[in-house]
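Here's the structure, in structure tokens; my notes come after.
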Amino acid sequence: MGRLGIVAGGGDLPLIGLQNAIQMGEDPVLLGIRESDFDFTADQHRTIPVYLAKIGGILKICKKEGIDRIFLAGKVKKELIFKGLKFDLKAISILAKSINKNDHPIFQAVAEEFYKEGIVFESQKKYLSSLFLSAGRYTKKSLSKDTALDIEFGMEYAKKMADLDIGQTVVVLDQTVVAVEAVEGTDETIRRGGKLTQKKKEAVVCKSSKSTQDDRFDLPTVGIHTLKVMMEAGCRTLAIREEDTIVVRPTETIEFADKNKLSLVCYGSQGKKTFTTYKKINS
């Protein structure tokens, strides 16, 4: 077996994945994306800088380092594709094969190209297994009847938007979708939704994976940063989907939510009864 390559964007996930991979007996290499907010000082002896738009260059590094498996971790802003990136010939070839420039078709085309070179993409769940929550309400604050209705309504629409490969997040109030995520990302969606609902009842942020989510790519991710943006926007409840949303440092995230009287719920397949009952993270 060869080495694991972690294609690393911004945030904590690359280093969490790195630590977990080492504990699992791997000898991973961090392929830090220059166009992202990746912290290149975090583990310099394991880090090789790469350019997102230079797929051919990444493949050459993989061969040189004996990498036969790839794991994606960390944030890369979607709008980069419109920022005049200089793609190499391999990247241009892959984009030409993609049916459109939405996330999943591009990821799928990249994965197929790497597979031809003997490199497979691993599930994000494999190295981040401790960051997923089962169904339940993880914060102490009780949910009002209206909030529970908004969660059920919003999670259904968030899934529909994800299925269309538009975005993973909607902001809901009074069973009305007031903001939908697209290329701008989750933070700006929350801010826009909060601006539209200020001085009214508190809006609900719902984030969902697809009905047929490929867990190698772009699993929904939330954390303390998400909650801080919600507080700025006046949104007080965050709903995610059970076992399919990455919660960065879940214990700290839940503690932050409780401290600031926010609600964090994990929506299950059985609907309302899965998220209204309080559940401790270690239960």
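Each value in this text was obtained by applying a stated rule to the coordinates, not by laboratory testing. Keep in mind it's a predicted model, so treat the numbers as computed, not measured. All Cβ positions, glycine included, derive from the backbone under ideal geometry; neighbour counts span all protein chains shown.
Structure notes:
- Cα-centred dipole magnitude for the chain, charges only on beta-carbon of K, R (+1) and D, E (-1), debye, nearest 20: 520 debye
- Extension gain, Lys63-Glu184: 0.36 nm per intervening residue step, less the Cα-Cα distance, totals 40.1 nm.
- Tilt relative to the chain, helix 13-23 - C-alpha long axis, 0 to 90 degrees, to 10: 70 degrees
- Note, ³J(HN,Hα) from phi for region 267-279, Karplus 6.51, -1.76, 1.60, rounded to Hz, x at Gly and Pro: 7, x, 5, 8, x, 3, 5, 7, 10, 8, 8, 5, 9
- In percent, rounded to a whole number, the relative contact order of region 3-127 is 28, using alpha-carbon pairs under 8 Å and six or more apart.
- Using R0 = 30 Å, the C-beta based FRET efficiency linking Leu85 and Thr277 works out to 0.05.
- Each of Ile6, Val205, Ile48 was placed along the dipole of the chain (beta-carbon charges, centred on the mean Cα), and the one lying farthest toward the positive end is Val205.
- Gain in span if fully extended, Asp39 to Glu252, counting 0.36 nm per residue against the direct Cα distance: 74.6 nm
- Computed helical MRE - 222 nm, the chain, DSSP H runs ≥ 4 contributing -39500 (n - 2.57), nearest 500: -10500 deg cm²/dmol
- With respect to the chain, whose longest principal axis is taken over its alpha-carbon atoms, helix 145-163 is tilted by about 30°.
- Among the listed pairs Lys97/Lys195; Lys60/Lys159; Lys125/Lys160, those whose Cα-Cα separation exceeds 31 Å are Lys97/Lys195; Lys60/Lys159.
- Shape box of the chain [Cα atoms, principal axes, largest first, Å]: 57, 38, 33
- Across the chain, Cα pairs under 8 Å and at least six residues apart give a relative contact order of 18 percent.
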